[in-house]
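Data first, discussion second: the structure below is written as structure tokens.
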Amino acid sequence: MSDKDVPSEADPLEGVLNAVVRLVADVRRRQAAITQEHGVTMLQSQAIHALRQQGPLNITQLAQALHLNQSTVSSLADRMERDGLVRRVQSSQDRRSVKLRLTEKSDDIAVQLPVSPLGFFRDLLAQALSAEEQATLARLLQKISKRIYERFGEIDAARAKAAQKHKAG
């Protein structure tokens, strides 16, 4: 660990922010380089991992697994189908139900790709933190998450008020 990795005692919050930003950027950069070697995007890699772990999924299920909205995943599925990574399969029980299934090409890619980013972080946290530390981190992140969504609400309310003022004036 270098000196730049150690939070400044004068400003520990700055150290936390720098560490989080650096970790996310480093993992994304590494994941992007690895997926690019195999001719897929990071998002396609995540979708391949989700489908490989959970089996065929419809767009709604895949969107939930990837924590994305359905329109984003629908476009992703279109590109993946075009690239021969998935195929759409109609359910034999409900013809309206269509699921995405990995192709042989994506199965071959999945074997070569490392674990998904979530799997990577899960393994890393399990190795780096005790169960007690994991529980503490979970509580802290829930506290942060709650405040983030409160702040989003405040921002949205201010934007709505400004839009209403602009419309009236």
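FYI, it's all coordinate maths here, none of it is from the lab. The shown structure was predicted, so the numbers you read here are calculated from the model rather than taken from an experiment. Glycine gets a Cβ as well: all are built from the backbone with ideal geometry, and neighbour counts include every protein chain shown.
Quick look at the numbers
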| item | result |
| --- | --- |
| Ranking of K167, K105 by count of other Cβ atoms within 10 Å, fewest first | K167, K105 |
| Descending Cα extents along the principal axes, the range 5-63, whole Å | 51, 27, 14 |
| Label-to-label distance, nm, for residues given as T136 and R122 (7 Å Cα→Cβ offset) | 2.5 |
| Diffusion coefficient, µm² s⁻¹, Stokes-Einstein with Kirkwood Rh over alpha-carbon pairs of the range 102-163 at 10 °C and 1.306 mPa s | 103 |
| Residues Q54 and V111, FRET efficiency given R0 of 22 Å [Cβ-Cβ distance, rounded to 0.05] | 0.85 |
| Label corresponding to Cα extents along the principal axes in Å when calculated from the structure given, among (1) 52, 47, 31; (2) 60, 56, 30; (3) 44, 37, 27 | (2) |
